[in-house]
1. Add +1 for every Lys or Arg and -1 for every Asp or Glu among the other residues with Cβ under 10 Å from the Cβ of L104, and state the total.
2. By per-residue mean of other Cβ atoms within 10 Å, what is the highest-first order of 56-62, 101-107?
3. Label points 7 Å out from Cα along the Cβ direction at R77 and Q110: separation in nm?
4. With the dipole of the stretch 38-121 worked out from charges on the C-beta (+1 for Lys and Arg, -1 for Asp and Glu) around the Cα centre, which of A66, S119, S91 lies farthest toward the positive end?
5. Can you tell me the equivalent ellipsoid semi-axes for the stretch 38-121? Use √(5λ) from the Cα gyration tensor, largest first, whole Å.
Amino acid sequence: MPAPRTGGAGARRKRGRLSRSGDFDRVYRQGRSTGGREFVVHVFPREASLDPPRVGLSVSKKVGDAVTRNRIKRVLRESVASLESELAAGSDLVITARADAVDLDAREGQAGVQRELRSLLSRTTAWAGAGPEAPAEPTPVTPEDSGEVESGG
């Protein structure tokens, strides 16, 4: 007798992607956005969720033909996967590619796309990483540092 199957047809591995149009709409309408020349990042923090971040991609026909759009999506997915450990849990993100993303990919490849994406993400609430672009905590100034130490004598 075969072993009983757990789950059903819906028991798939979660890929950490936004897929429903309602999720995209919520991120666009209720989230915050920051943009650059190549990409726009929309972020919506889910309430008290410890789930991994979910990412959706939007690449319109303005970016190029189907081959170009699929390449940009593939490069973006690879970049997000490499930055996933630096993203805050419980965040929904939508990354929209602009036409200049094609030029960036052609000029600098995966490294350039990842650099620009890291730069944009570091300015959002979805960033939890401590990379070089992350804002540094201010260092408290002690009296010795400011030259205000009284000399005894």
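1. Computed value for this residue: -2.
2. Result, highest mean Cβ count within 10 Å first: 101-107, 56-62.
3. 1.4
4. The residue sitting farthest along the positive end of the dipole is A66.
5. Details: eigenvalues 110, 35, 19 Å².
Taking √(5λ) for each Cα gyration eigenvalue gives 23, 13, 10 Å.
No value in this document is a laboratory result; all are computed from the given coordinates. All figures in this text were calculated on a predicted structure; none of them were measured in a lab. Positions of Cβ are generated from backbone atoms using ideal geometry, with glycine treated the same way; all protein chains shown enter the neighbour counts.
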